[in-house]
């Protein structure tokens, strides 16, 4: 802890409320620093950082206890000893405040404050009396955008664009005191006020359950709620002012993180509870009652027994695990159980099987029903409560609607059911999408559904956690142990207590409780067939469970339950060209913090209708005007699939082209139709179509109701493709109708999920027999075996793709050696296959033989390391270059070796740099520099001036390539004057050499005859062509000979 945390003299404070908040501020800073240290350190040092985090928590907890005079509760030995249990130090009421401020997710008293970043920013603007149009207020409102940051803060590295607390800290430095007088009690009162002003949601719950209004810490706020003069905005502003007046800028910034529930100290619920008390995590998993947890754990004699649940308290639900696609067959074998077969099955009861059920695309829900103490207490003498997957009380949304159906369908006094809420739309004969469920559920709860609608709210039950038919002690004890029963027994219990019932709930709505359909499977084939069958029925996927396993609270186990969805497989809509129509700002959360504050997520769309025109119209003014009037339909958003370098190129390309986007005032080129709110939510900028870029994406499917793509991801960016060369919305529907069905493919990213599912746990890095054969084959071929923890990566790194049985399609890459760097093995093998088909050779390590390193993404850590190694070694720089994969892809598409463009180069050798520079510098530009509009205008004026001085053209306009080439040849020295050159149609990229020949006086002929003096071919094809056509051997020239002649200023011998 920092020295200035608090005085270390005798106790000064009676309760935790009087403790200076600066102690927690310093703790947050130290924990954040420990997190950063862990990210920068190796694995061993990372473990030390975790230990340091626990030490910091213990030191702060002990220090606060000493200030409150609770030294008697502390062990006589040091705080990092095993005997130190934080739960024993403070009484539950005071522990709750500290726990809530350290882990806001556990703060049940302030679970809902109605404050997100934008609303919190407006509250600070009002509290600080800022000019709404001033620079500071605008910066707070647009905290994600770099352009709004004031000049004096431009170089402050502590400010993170997209992170509101860091912006607040900068603005409050000049407005807050240097010395803090803020206490934990003041912070708690401010949080209470913010919570009380957001109690409209609680009043709706209170109306359903007839609960009393929560007590407030402020008499004024209670009186305010009883009168029309209650003003939430004023109370919130006063609470913020109290914080600003007594705390430092850092203190207030940390409080804002607590309000947003994003402390960013990497202290989650599980890690904190494990530190707090040995039994705290299991206790919270079973009951999710933080107050009871603190009360029980404060007792030194408390010990938790076997896993059990309690009616009325949320129990953490069991989760399913995503299996490895490569090891799916092995996973299925380990799911097989020996429970009794379904009664309806004709197969032998002794056969092993696993249970399959549809994966529902709805809202996970846990329903509690228990007998009320009095008939008038609740719904027909019963309490009914529902909880979401994360333990939030969702009773206001679903309890009243499901009450009658639950009472009729569930034949048990006390029960806890695990299931999923789904809504069936009878008019459309389909399930309501997950994106629309909350809106429809809200209208059902408010009884505001349109009379013309016809919805069925269905609670699909798939498991049970608690069953009691009476209120006796023995029945409750037995009911709490239901989760320990195997699945097939819990399934039999469900069949006995659930009888599907459907009842009416107002106009246009019916509710239904039913048991989800289950079936048996025994192998991978049956599981895939079930996946395809469920998909056709409108479900999200399939879940497979072991019938012999118990219910695991808050756990994923690949031996117990797995899930498969179609998007886990290759397939769907492929190679879809879309145009970028808008952009969103990124925030500071997630693993891409370097993109924070920039336009890094893009809105994409397709054309509304087809515009037919003859081929002669393409490119002329009439065609351009017609295309500019074309309407566009947004169909989704993309944020993955492109590297940071490609994002930087897009941002540079679009600089100065963005315009502010408003949902209520759509751009003219957007088709006027009703768009889903989620599709346009957060869009900040739009761009004219003819200024934009086409991207190729893949997606799982098209959501017909929302007219939006599901799971779109960029495959490549088409920098040179015309903006209008994208499909129409009708064509997109056709693509969705004919999309590729899902197929199972290997993926190294999830191989490690199944390394320990065999009878004996296998150490990471060990190889099976077939894998050892692959490595040995690689060694026999002279490859250097390298690799890390993943077996899949080890084999790919050692052997690469086995191309022994793959035929070559051309010799374009003959005598050329490659080394491929990719983010995954699938991409690496795709590139190696293309290189082999083009006649090239690939190795698995960087040696002196390598001509080109091909990288899928230049921002990959390995690619950056290779760039540093090659650029620092002068000998390697003479030969080896690093290129992007797009060059190999284009060569493979044309089955020929095309010229290397500037956009293909990541790192150029001296030879390649000279070639690319010469090709790009024919007219005075630079291939390795970025230019702006001013420099382009200056270059055009120089060309225009030079054209007039040399009398090339009398017109007052820049030099035209087609019209000016014959005249330019006089100025460029007639090296190839009076020579006839024939270029055979071999699909070789020789456009640059042809231009140079014409510019220096050569005449290109269309056929080979006796007057032809030279035949131009690519150097990679010279040996093959001379062998097949010895008669023209003396006439063959290459692009290298052309450049040598130009350098020498005369014709050289061939």
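The values are calculated or read from the model by the stated rules, or taken from the named source; none is laboratory data. Since this is a predicted model, take the numbers as computed values, not measurements. Positions of Cβ are generated from backbone atoms using ideal geometry, with glycine treated the same way; all protein chains shown enter the neighbour counts.
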Test: residue in the stretch 241-249 that is at pLDDT 85 or above, part of a helix (DSSP H, G or I), more than 23 Å from residue 26 (Cβ to Cβ) and touching a helix residue (DSSP H, G or I) at 6+ places or on another chain (Cβ under 8 Å): yes
Meets criteria (at pLDDT below 90 and in contact with a helix residue (DSSP H, G or I) (Cβ under 7 Å, 6 or more places away or on another chain)) for residue 499: no
Out of 108, 72, 76, sole residue that is modelled with pLDDT under 85, closer than 29 Å to residue 302 by Cβ and either crowded, with 17+ Cβ neighbours inside 10 Å or not assigned by TED's automatic domain parsing to the domain that holds residue 292 (or both): 108
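How many residues does the stretch 397-437 hold that are within 31 Å of the chain's Cα centre (by Cα) and either assigned to a strand (DSSP E or B) or modelled with pLDDT of 85 or more (or both)? Steps first, answer last, please.
From the stretch 397-437, those within 31 Å of the chain's Cα centre (by Cα) are 397-398, 418-425, 430-437; that's our starting set.
Next cut, either assigned to a strand (DSSP E or B) or modelled with pLDDT of 85 or more (or both) only: 397-398, 418-425, 430-432, 437.
Counting residues in the stretch 397-437 that are within 31 Å of the chain's Cα centre (by Cα) and either assigned to a strand (DSSP E or B) or modelled with pLDDT of 85 or more (or both) gives 14.
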Single condition residue 500 does not satisfy, out of (1) out of contact with any strand residue (DSSP E or B) (no Cβ under 9 Å at 6 or more places or on another chain); (2) touching a residue at least 60 places away in the same chain (Cβ under 8 Å); (3) surrounded by fewer than 15 Cβ atoms within 10 Å (Cβ to Cβ): (1)
Sole exception among (1) in contact with a strand residue (DSSP E or B) (Cβ under 7 Å, 6 or more places away or on another chain); (2) under 27 Å from residue 144 (Cα atoms); (3) modelled with pLDDT of 90 or more; (4) surrounded by fewer than 20 Cβ atoms within 10 Å (Cβ to Cβ) for residue 639, by number: (3)
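Taking the conditions exactly as written (out of contact with any strand residue (DSSP E or B) (no Cβ under 9 Å at 6 or more places or on another chain), within 17 Å of residue 503 (Cβ to Cβ) and crowded, with 17+ Cβ neighbours inside 10 Å), does residue 445 satisfy them or not?
Values: out of contact with any strand residue (DSSP E or B) (no Cβ under 9 Å at 6 or more places or on another chain): yes; within 17 Å of residue 503 (Cβ to Cβ): yes; crowded, with 17+ Cβ neighbours inside 10 Å: yes.
Judged against the criteria, residue 445 is a match.
For the stretch 831-853, what are the residues that are over 17 Å from residue 896 (Cα atoms) and in contact with a helix residue (DSSP H, G or I) (Cβ under 8 Å, 6 or more places away or on another chain)? Write out each step before concluding.
First, pick out the residues of the stretch 831-853 that are over 17 Å from residue 896 (Cα atoms): 842-851, 853.
Answer for the stretch 831-853, where residues must be over 17 Å from residue 896 (Cα atoms) and in contact with a helix residue (DSSP H, G or I) (Cβ under 8 Å, 6 or more places away or on another chain): 842, 844, 846, 848, 853.
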Number of the condition not met by residue 386 [criteria: (1) modelled with pLDDT under 90; (2) outside any helix (DSSP H, G or I); (3) surrounded by 19 or more Cβ atoms within 10 Å (Cβ to Cβ)]: (1)
Helices (runs of 4 or more DSSP H) completely within the stretch 827-908 that count 1 or more residues being modelled with pLDDT of 90 or more: 885-894
Qualifying positions in the stretch 708-726 - under 19 Å from residue 601 (Cα atoms) and at pLDDT below 85: 710, 711
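In the stretch 816-830, which residues are farther than 16 Å from residue 898 by Cβ and either in contact (Cβ under 8 Å) with a residue 12 or more places away in the chain or not assigned by TED's automatic domain parsing to the domain that holds residue 870 (or both)? Show your work before the answer.
Going through the stretch 816-830, the residues farther than 16 Å from residue 898 by Cβ turn out to be 817, 819-830.
Once the filter is applied, which keeps residues that are farther than 16 Å from residue 898 by Cβ and either in contact (Cβ under 8 Å) with a residue 12 or more places away in the chain or not assigned by TED's automatic domain parsing to the domain that holds residue 870 (or both), the stretch 816-830 yields 817, 819, 820, 821, 822, 823, 824, 825, 826, 827, 828, 829.
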Top-ranked residue of the stretch 337-383 - restricted to ones that are touching a strand residue (DSSP E or B) at 6+ places or on another chain (Cβ under 6 Å) and assigned to a loop (DSSP other than H, G, I, E, B), ranked as modelled with the lowest pLDDT: 372
Residue 511 vs. criteria more than 12 Å from residue 358 (Cβ to Cβ) and touching a helix residue (DSSP H, G or I) at 6+ places or on another chain (Cβ under 7 Å): yes
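Matching residues to (1) surrounded by fewer than 16 Cβ atoms within 10 Å (Cβ to Cβ); (2) modelled with pLDDT of 85 or more:
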position: 586; (1), (2): no, no
position: 591; (1), (2): yes, no
position: 594; (1), (2): yes, no
position: 603; (1), (2): no, yes
position: 616; (1), (2): yes, no
position: 620; (1), (2): yes, no
position: 624; (1), (2): yes, no
Pairs where the first residue, in the stretch 319-334, is more than 13 Å from residue 563 (Cβ to Cβ) and the second is modelled with pLDDT under 85 and assigned to a loop (DSSP other than H, G, I, E, B), C-beta under 7 Å, 6+ apart: 326/746; 326/747; 330/757; 334/757
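Can we say residue 703 is at pLDDT 85 or above and in contact with a strand residue (DSSP E or B) (Cβ under 6 Å, 6 or more places away or on another chain)? Don't jump to the end; show me each part of the working.
Values: at pLDDT 85 or above: no; in contact with a strand residue (DSSP E or B) (Cβ under 6 Å, 6 or more places away or on another chain): yes.
Criteria not met by residue 703.
Any residue in the stretch 427-441 that is farther than 23 Å from residue 339 by Cα, touching a helix residue (DSSP H, G or I) at 6+ places or on another chain (Cβ under 8 Å) and buried (at least 20 other Cβ atoms within 10 Å of the Cβ)?
Of the stretch 427-441, the ones farther than 23 Å from residue 339 by Cα are 427-441.
Still in the running and touching a helix residue (DSSP H, G or I) at 6+ places or on another chain (Cβ under 8 Å): 432, 435, 441.
Next, from what is left, pick out any that are buried (at least 20 other Cβ atoms within 10 Å of the Cβ): 432, 441.
Among the residues of the stretch 427-441, at least one is farther than 23 Å from residue 339 by Cα, touching a helix residue (DSSP H, G or I) at 6+ places or on another chain (Cβ under 8 Å) and buried (at least 20 other Cβ atoms within 10 Å of the Cβ), which makes the answer yes.
If you go through the stretch 123-135, how many residues are free of Cβ contacts under 8 Å to residues at least 40 places away in the same chain and surrounded by fewer than 18 Cβ atoms within 10 Å (Cβ to Cβ)?
The total comes to 6.
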Filter result for residue 173 (within 23 Å of residue 236 (Cα to Cα), assigned by TED's automatic domain parsing to the domain that holds residue 251, touching a helix residue (DSSP H, G or I) at 6+ places or on another chain (Cβ under 7 Å) and surrounded by fewer than 18 Cβ atoms within 10 Å (Cβ to Cβ)): yes
Residue satisfying condition, being part of a helix (DSSP H, G or I), outside the structural domain of residue 815 (by TED's automatic domain parsing), modelled with pLDDT of 80 or more and in contact with a strand residue (DSSP E or B) (Cβ under 8 Å, 6 or more places away or on another chain), within set 1025, 997, 1004: 997
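Tell me the residue from 577, 548 that is assigned by TED's automatic domain parsing to the domain that holds residue 701, surrounded by fewer than 21 Cβ atoms within 10 Å (Cβ to Cβ) and modelled with pLDDT of 90 or more, please. Steps first, answer last, please.
Working: 548 fails: assigned by TED's automatic domain parsing to the domain that holds residue 701.
It is 577.
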